[in-house]
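Worksheet for the structure shown next.
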Amino acid sequence: MTGEPDVSTFFDPATNTFSYVVKDPDGPACAVVDSVLDFDYASGRVSHRSADLIVAHVRERGLVVEWLLETHVHADHLSAAPYIQQALGGRVAIGAGIREVQETFGKVFNEGTDFQRDGSQFDRLFEDGDAFSIGGLPARVLHTPGHTPACVTYVIGDAAFVGDTLFMPDSGTARADFPGGCARTLFRSAQRVLALPPETRLFMCHDYGPNGRVIHNETTVAAERAANIHVREGVSEDDFVKLRTERDATLAMPRLIIPSLQVNMKAGELPKPESDGRRYLKIPIDGL
Ligand SMILES: [Fe+2]
């Protein structure tokens, strides 16, 4: 029995990010996938508008949060996992590749020795193939690196939360040029997702509505195999690597990459307050 989770979608228009509440159809258990902490870079202000929508959704329905799942260390938004955990409970989880991400960006941000690079800021690190459950719903983890080393896809019943491994068919795949990224690895990870049963529902982490298309967050393995502009059937690994590498060379850094990585590599915990009680983020000059 695979189960068909009830999936509720939340969209953050500031970063084009989808967050999800994934619920066991036969009980109150749920998981929150890729929550967003609102951050206004110009003013340095954080707010909880996006996260509070999820908190209200969970409370109104009497759901029980078992997991706060991160598909990867996001570079375009801050995670609200600690905020939601404090409000609703649950365990914060990410792929075990987080250690590699912490190693890389611990250097970029010149973190001191008190920054543990062992992933211990998270409650659970998933290895490839790990199984877990959300109430009675069976779930398992596919390690799908390439966009980042810590990327995972969560296969929950008949649904898969692919993070940035795949975008909607007309949008292809995510960039593979961040430190630790690799286009060849990303192609192989995409093939693992495309090898799931064709009817598998795929839930995106982002959509940018290319060419004026309405924003959309859900497709299927069959639709991706048939039409994904980067990895549809028939595209070779070498063709993909060429295409991905050429495109990545044209992309600017995401607007929130510096605050996002700094916070998300620590499971979404903001920096500790300094002597004036205020928290500060760093900007490495010429560091990225
Ligand atoms: Fe990402």
Candidates G146, G112, filtered to the one that is in a loop (DSSP other than H, G, I, E, B), surrounded by 22 or more Cβ atoms within 10 Å (Cβ to Cβ) and free of Cβ contacts under 8 Å to residues at least 60 places away in the same chain: G146
Out of all the residues in region 160-176, is one or more part of a strand (DSSP E or B) and under 21 Å from N217 (Cβ atoms)? yes
Can you say whether P138 is touching a residue at least 40 places away in the same chain (Cβ under 8 Å), closer than 25 Å to I84 by Cβ, more than 16 Å from the ligand (Cβ to nearest atom) and not aliphatic (A, V, I, L, M), as far as the supplied structure shows? yes
Any idea which of (1) within 16 Å of the ligand (Cβ to nearest atom); (2) of a type outside the set (D, E, K, R); (3) loosely packed, with under 14 Cβ neighbours inside 10 Å is the one A226 doesn't satisfy? (1)
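Go through region 65-80 and give me each residue that's of a type in the set (G, A, S) and either within 23 Å of R175 (Cβ to Cβ) or touching a Lys or Arg at 6+ places or on another chain (Cβ under 7 Å) (or both).
Taking region 65-80 as the starting set, the residues that turn out to be of a type in the set (G, A, S) are 75, 79-80.
Result: A75, S79.
If you scan region 222-239, which residues turn out to be touching a residue at least 60 places away in the same chain (Cβ under 8 Å) and touching a Leu at 6+ places or on another chain (Cβ under 8 Å)? Write out each step before concluding.
Filtering region 222-239 down to residues touching a residue at least 60 places away in the same chain (Cβ under 8 Å) leaves 228-229, 231-232.
Passing the criteria: N228, V231.
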Can you tell me how many residues in region 115-139 are surrounded by fewer than 17 Cβ atoms within 10 Å (Cβ to Cβ) and closer than 28 Å to D286 by Cβ? 2
For V193, the lone unmet condition from (1) out of contact with any Gly (no Cβ under 8 Å at 6 or more places or on another chain); (2) closer than 21 Å to E103 by Cβ is (2)
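Only residues that are more than 11 Å from the ligand (Cβ to nearest atom) and buried (at least 23 other Cβ atoms within 10 Å of the Cβ): list them for region 163-172, please.
Taking region 163-172 and keeping what is more than 11 Å from the ligand (Cβ to nearest atom), we get 166, 168-172.
Matches in region 163-172: L166, M168.
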Within region 183-215, work out how many residues are within 15 Å of the ligand (Cβ to nearest atom) and not in a helix (DSSP H, G or I). 6
Verdict on A252 being in contact with a strand residue (DSSP E or B) (Cβ under 6 Å, 6 or more places away or on another chain), within 16 Å of the ligand (Cβ to nearest atom) and assigned to a loop (DSSP other than H, G, I, E, B): no
Tell me, which helices (runs of 4 or more DSSP H) wholly within region 2-109 include 3 or more residues that are away from the ligand (no atom under 16 Å from the Cβ) and surrounded by 22 or more Cβ atoms within 10 Å (Cβ to Cβ)? 49-60
Filter pass, G181 being closer than 30 Å to T250 by Cβ and surrounded by 24 or more Cβ atoms within 10 Å (Cβ to Cβ): no
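Where a number appears in this text, it was derived from the coordinates with a stated rule and is not lab data. Bear in mind the structure is a predicted one, so any value in this text is a computation, not a measurement. Heads up, the Cβs are rebuilt from the backbone with ideal geometry, glycines too, and the neighbour counts pull from every protein chain shown.
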